[in-house]
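Working notes, structure below.
The values are calculated or read from the model by the stated rules, or taken from the named source; none is laboratory data. Note that the coordinates shown come from a computational prediction; the quantities given were computed from them, not determined experimentally. Cβ sites come from the backbone with ideal geometry, for glycine too, and all protein chains shown count toward neighbours.
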Amino acid sequence: KPDVNELTMDTGVQQLLVKAREEGIDTAFDRAIKMSQCGFGSTGVCCRLCLEGPCRIAPNGKGPQLGVCGANVDTIVSRNFLNAVIQGVSSHAEHAREIAHALIEIVEDKAPYVIQDQAKLNSIARGLGTPCDGKDVNELVKEVAHKALEDFQKQSGTLNWLKLHAHEKSYKNWQQLGLLPVNAHLEIAKGIARMVMGGDADPANLLLGTITMGLVDGYAGLHMSTDLQDILFGSPRTVKTQYRLGVIKKEKVNISVNGHIPLLAEKVVEWANKLNEEAKKVGAEGINVIGVCCSGNELLMRKGISVATNYASQELPIVTGALEAMVVDIQCIMPGLQQVASCYHTELITTLPYAKISGATHVEFTTETADEAAKEIVLRAIDNFEKRDPNKIDIPEEVTEAYAGFSVEQIIEALSSVNAGDPLKPLVDAIAGGEIVGAVALVGCTNPRKKQDKYNVELAMELIKNNVLVVATGCSAHSLAKFGLMSPEGVKYCGDGLRGVLTAIGQANGLPALPPALHMGSCVDNSRIADLLTALANYLNVSVKDLPVAGSCPETHHPKALAIGTFFLANGVDVHVGVNPQVTGSEFVVNVLTSSKQDFPVTTDGLFGGKLIYEEDSVKAAETILDRIKKKRRGLGLR
Ligand code: NFS
Ligand code: SF4
């Protein structure tokens with residue numbers, strides 16, 4: 001077995017991996033070593049879409065080059081890519097739809113939540129063309145929620161949320177190409193229908209269909225989720241918080257929330273506060289709620305709740321022996337959690353009727369019964385405190401401080417302290433002057449097949465050293481926070497230009513400096529990044545594709561990241577992936593996605609202005625990204 005320091009940069013995770021090995025427990029890191037990767041699957045050339053197959057196309061022309069139905073490798077690879085993107089899109093669309101539905105229940109007095117952000121409500125309503133005057137909050141929320149649900153029902157036109165947020169020039173481009181989505185459910189169904197056996201067999205057409213799915217993801221998934229969650233739970237503001245496994249407290253009842261849709265996580269926090277005294281009756285000092293993955297990000301952004309760990313090491317909080325309950329909803333929940341939990345007193349609690357794990361406790365969570373469910377979950381955790389085995393407790397000590405909560409609203413507010421009348425000006429001036437060369441969104445996951453955090457951190461370090469501002473979301477944000485890039489001290493790693501700008505803006509806001517990586521939230525909050533780009537493009541009167549920016553997911557694992565990446569490609573933003581996107585079996589698909597427009601007849605670069613960059617080495621990836629950013633600068637007439 002490889003040494004644990006080859007598996008993760010996080011010393012706390014290393015410590016617990018050693019403990020797990022001593023106790024004979026396998027985690028995702030061990031399973032990744034045991035599971036070899038199939039060459040056909042990793043290049044995307046394996047098709048299981050009908051019972052004539054499975055078919056797989058042999059590499060280098062040696063062996064069958066067509067499936068039984070006659071599908072060639074380009075068709076098979078592009079269908080598989082579309083399939084992956086659809087999975088990502090449906091995750092985000094379900095997320096958004098659940099929140100829209102919850103809002104309606106709330107204003108009909110059927111669900112116990114209170115609308116927190118009336119300013120955001122008004123701005124979204126205005127953007128949707130819904131007059132606000134004279135309406136009470138409930139009326140307005142209902143209208144906004146119905147507009148959201150229309151995006152799952154309408155049979156003509158395009159998504160309300162796309163019209164609300166898309167940059168005008170991108171919109172026109174998609175319209176001309178006939179790519180505008182009609183409604184999310186329709187497009188998901190159509191996407192599946194076109195990738196089915198005997199459906200669409202034109203690889204270029206399949207890839208264009210994938211772009212439409214990316215638009216569904218961006219607008220009816222990411223943007224809608226963020227907007228409605230901000231209305232319901234409040235728009236994030238700067239918060240200071242703590243990261244790493246040391247946030248688990250030996251003297252407290254520890255409850256971790258893992259998953260994505262904050263309807264559950266918010267209620268768990270509320271009931272943990274209400275039942276704090278109950279915990280003292282079993283000898284604990286109180287209740288400690290900690291976050292994992294994106295539920296962690298949601299609570300962190302709005303409540304400053306600390307974050308224990310990110311995706312690849314989500315089983316390790318259990319190995320501390322001090323976790324009373326791990327509460328999950330959906331997405332990125334490893335089924336392996338239950339095997340690990342069964343070795344400890346930890347109770348794994350699933351909550352959604354369509355996302356259960358055998359062996360786990362299921363406490364059904366609906367918005368109508370949110371209080372009862374959250375109360376039961378917290379009481380179960382309290383009960384479990386006395387079941388701890390003292391011999392099994394070992395909590396790594398390290399914690400790192402970090403800032404988060406950088407919504408677009410908060411970033412604009414911070415910039416207003418420098419220039420109240422024209423807040424974007426200081427940022428745009430710094431980009432024009434070259435103090436900031438460009439910006440990169442570091443997004444996505446960690447993946448048990450890659451050394452955890454290493455690639456995220458390395459890439460961020462390279463970029464900020466070269467005066468590229470980094471914004472981050474998802475589990476990548478956890479990586480950067482753990483290694484000091486979300487604290488003001490992180491500016492010591494920046495090039496002079498970037499450091500100067502971050503220090504000036506930070507000091508205008510009472511901080512020593514802004515952190516070099518700004519935490520913008522969970523993965524659905526990639527919408528915030530898109531909104532920031534749209535605002536900058538509007539300010540400069542250019543297209544989003546012209547901006548000196550890029551997106552990157554060095555350690556991704558999830559189809560959701562492919563969906564988000566497709567959304568950014570459609571907007572003309574280059575997207576780097578550091579993990580094999582499983583399309584390399586088709587030269588055609590690789591060319592469409594990764595070639596520059598002058599090198600191949602049809603490319604995403606030519607059609608939209610952004611291309612995919614696949615590079616596993618973070619230092620080399622940073623070079624390529626920088627080259628592209630500099631090219632876009634030249635396009636804008638900047639040096
Ligand atoms: Ni994003 Fe968030 Fe994490 Fe990756 Fe999974 S939790 S939605 S997919 S692993 S960043
Ligand atoms: Fe084979 Fe075609 Fe069926 Fe795919 S759809 S399994 S390539 S016969």
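From the list Val68, Val144, the one residue that fits, being more than 16 Å from ligand 2 (Cβ to nearest atom), modelled with pLDDT of 95 or more and out of contact with any His (no Cβ under 7 Å at 6 or more places or on another chain), is Val144.
From the list Ile99, Ile124, Ile106, which one is part of a helix (DSSP H, G or I), within 16 Å of ligand 1 (Cβ to nearest atom) and closer than 21 Å to Ser235 by Cβ? Going through Ile99, Ile124, Ile106 in turn, the sole match is Ile99. Of all residue pairs spaced 6 or more apart or on separate chains, those with beta-carbon atoms under 9 Å, a first member in the stretch 144-165 that is free of Cβ contacts under 8 Å to residues at least 40 places away in the same chain and a second member that is part of a helix (DSSP H, G or I) and of a type in the set (Lys, Arg) are Gly157/Lys163; Asn160/Lys147. Among the residues here, Lys147 qualifies as of a type in the set (D, E, K, R) and under 14 Å from Leu103 (Cβ atoms). Screening the stretch 539-621 for strands (runs of 3 or more DSSP E) wholly inside it with 2 or more residues that are surrounded by fewer than 23 Cβ atoms within 10 Å (Cβ to Cβ) returns the ranges 612-614. If you go through the stretch 327-370 and pick out every residue that is within 24 Å of Asn288 (Cβ to Cβ), among the hydroxyl-bearing types (Ser, Thr, Tyr) and touching a residue at least 60 places away in the same chain (Cβ under 8 Å), you end up with 1. Hey, any hits in the stretch 478-500 for a residue that's touching a His at 6+ places or on another chain (Cβ under 9 Å) and part of a loop (DSSP other than H, G, I, E, B)? Taking every residue of the stretch 478-500 in turn, at least one turns out to be touching a His at 6+ places or on another chain (Cβ under 9 Å) and part of a loop (DSSP other than H, G, I, E, B). When Ala414, Ala420, Ala432, Ala402 are checked against the criterion of being in contact with a Phe, Trp or Tyr (Cβ under 6 Å, 6 or more places away or on another chain) and closer than 30 Å to Leu502 by Cβ, Ala402 stands alone in meeting it. Is it the case that Ala28 is surrounded by fewer than 21 Cβ atoms within 10 Å (Cβ to Cβ) and within 16 Å of ligand 1 (Cβ to nearest atom)? So Ala28 fails the test. Checking each residue in the stretch 307-326 for being among the small types (Gly, Ala, Ser), away from ligand 1 (no atom under 16 Å from the Cβ) and either surrounded by 24 or more Cβ atoms within 10 Å (Cβ to Cβ) or without any contact (Cβ under 8 Å) to a residue 24 or more places away in the chain (or both) picks out Ala322, Ala325. In the stretch 48-62, the residues that are more than 10 Å from Ile76 (Cβ to Cβ) and more than 16 Å from ligand 1 (Cβ to nearest atom) form no Cβ pair under 8 Å with any partner that is among the small types (Gly, Ala, Ser) and assigned to a strand (DSSP E or B), whether six or more places apart or across chains.
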